[in-house]
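Every number here is computed from the coordinates shown, using simple stated rules; none is lab data. From a predicted model like this one, the values you see are computed outputs, not experimental measurements. Methodologically, a virtual Cβ is constructed for each residue, glycine included, from the backbone with ideal geometry; neighbour enumeration extends over all protein chains shown.
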Amino acid sequence: MSLWEKVVDVALGKNKEEIPVVLWAYSLVLRRFEQITERKYYEDVKVQLRSILAFQKRFPEIINIHTYPSAGEGVCAISNAFGGKIIWMENSPPYADTIIKEPEDVDKLVSAGIPEANAGIAGDLLKKLEYFYDWFPKDLRENYGYLDGVVYAPICVEGAAIAMGYDKFFIWLRLYPDVIHKWLKITTEWYLRYCKAIEDIVGKCKFLIVPDHSPHMVNKEQFNEFVLPYLNKVFGRYKGALRLWHNEGKVGNKLEDIDKIDAEIWHFGPFDDEIIVRAKTHFCLMGNIHPPEFEKCSPEEVDIKCKKLIEKVGIGKFWLSTGGGLAPNTPFKNIDALIASAKKYVNIFLRK
């Protein structure tokens, strides 16, 4: 049985005797391998492949969700596809210019039609993905479940909010709710076309990864009206695949509603009570040591944090990780400590 198959069994509750370590190590960490700027990492797909392979070789016991190319598209894809400019920075991810100033702008975008799936920076990512798919080692694909059938999408509802500016998005939820729905419908449709374009490269989706932080930015009523239907339209398209939702923001005030998200895994953050999250949701939990603390603490402190966390969430339907992406300067000895702690405490707790 491959490592990926074991990890999937844990997520589905079939394996209650292991605690896999699954990380969210992305460009801010991986660029350290070649000691280059963030922007240069995005520009060079060969550098990305070398860095990702080096990280995997350094930590063969883990799964890294971010084993995927990047064009800096994360927060920019929707805005850029609909005509927004990307603002680049040397040592930070890029951000997107807003393309909606007035409610009438949404009508204009609707009239113009939904862009092609490869519009803007999304097309750059698709080209990089083709390169990865050709050159990524077969043995790693088979053991870790990488690339084949993996659809890693950018932010969804949050991407639509960024495209118009958070200020307008949240104000218009109250002033112009119909306009927001109109905008979310066309952006979600583009998003699904983009996911299909990814499938055309990697094959039928087996593992869907959707980062979206909008749920912790709205109240219960707004979540149920403006966020949940659109997230679940995406997740619902891929029933039968393993589906992961990433959001490390605090949502403890609406866990019963969060539980309606149609995904198997939730990469959750350190701000909600783990015991309550476990009790009130159906997810395999991935997390949730606070990344800045993980970056600064000693290996001994990592061990203590792991023990406390495992005591709260238990073994089974749990992937040990940080509560969000790894902080840029995370010491690799702390990742070693995380791996060692997972092995140590699964044995201790199984003997009880």
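At-a-glance table
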read-out: Extension gain (nm, one decimal) between TRP135 and ASP259, 0.36 nm per residue minus Cα-Cα; value: 40.8 nm
read-out: Candidate aspartates and glutamates - alpha carbon under 19 Å from LYS280, same-chain residues fewer than 8 apart omitted; value: GLU221, GLU248, GLU256, ASP257, ASP259, ASP262, GLU264, ASP272, GLU311
read-out: Cα-derived Rg over Rh, computed across the stretch 38-179 with Rh taken as Kirkwood radius; value: 1.05
read-out: Folded to 0 to 90 degrees: helix 332-351 orientation relative to the chain principal axis, Cα; value: 60 degrees
read-out: Backbone HN-Hα couplings from phi across the stretch 24-38 [Karplus 6.51/-1.76/1.60, Hz, Gly and Pro as x]; value: 10, 9, 10, 3, 4, 9, 5, 5, 4, 4, 9, 6, 10, 6, 4
read-out: GNM flexibility winner over the chain from GLY159, GLY323, GLY314 (Cα, springs under 10 Å); value: GLY314
read-out: Angle between the chain longest axis and helix 177-202 axis [Cα atoms, degrees, rounded to 10]; value: 60 degrees
read-out: Packing-based exposure ordering (other Cβ within 10 Å, fewest first) of LYS206, LYS317; value: LYS206, LYS317
read-out: Least to most buried among CYS306, CYS297 (fewest other Cβ within 10 Å first); value: CYS297, CYS306
read-out: FRET efficiency, 1/(1 + (r/R0)^6) with R0 25 Å, evaluated for VAL110 and LEU175 via beta carbons; value: 0.85
read-out: Answer label for mean projected area of the Cα convex hull in nm² (calculated), chosen among (i) 18.9; (ii) 16.3; (iii) 21.6; value: (ii)
read-out: Most mobile of ILE87, ILE99, ILE78 in a GNM of the chain (Cα contacts under 10 Å); value: ILE87
read-out: Stretch gain in nm, segment THR37-MET89, where the contour uses 0.36 nm per residue and the Cα spacing is subtracted; value: 17.8 nm
read-out: Dipole axis of the chain (+1 Lys, Arg; -1 Asp, Glu on Cβ), positive-most option in LEU175, PHE136, ALA81; value: PHE136
read-out: Rounded to 10°, Cα long-axis angle of helix 228-237 versus longest principal axis of the chain; value: 70 degrees
read-out: Full-extension gain in nm, LYS101 to ILE304, via 0.36 nm per residue minus C-alpha separation; value: 68.1 nm
read-out: Dipole of the stretch 196-305, positive end: most advanced residue of MET217, ILE289, GLY203 [Cβ charges, Cα centre]; value: GLY203
read-out: Residues SER2 and TYR166, FRET efficiency given R0 of 41 Å [Cβ-Cβ distance, rounded to 0.05]; value: 0.50
read-out: Neighbour-count ranking [beta-carbon atoms within 10 angstrom, fewest first] of LEU49, LEU147; value: LEU49, LEU147
read-out: Positive-end residue, the chain charge dipole about Cα centroid, Cβ charges, pick of GLY120, GLN48, TYR230; value: GLN48
read-out: Violating pairs (Cα-Cα greater than 31 angstrom) within the set LYS40/LYS308; LYS128/LYS239; LYS14/LYS312; LYS168/LYS233; LYS250/LYS296; value: LYS40/LYS308
read-out: Principal axis dimensions, the stretch 166-253 - Cα atoms, whole angstrom, descending; value: 42, 29, 19
read-out: Coil-residue trypsin sites (Lys or Arg not before Pro) of the stretch 98-178, DSSP, other Cβ within 10 Å capped at 16; value: LYS101
read-out: Fraction of beta bridges assigned by DSSP in the chain that are antiparallel (%, nearest 5); value: 10 percent
read-out: Dipole magnitude (debye, nearest 20) for the chain, charges at Cβ of Lys, Arg, Asp, Glu; value: 820 debye
read-out: Taking the chain and dividing mean pair separation by its residue count, relative contact order in percent (alpha carbons under 8 Å, at least six apart); value: 21 percent
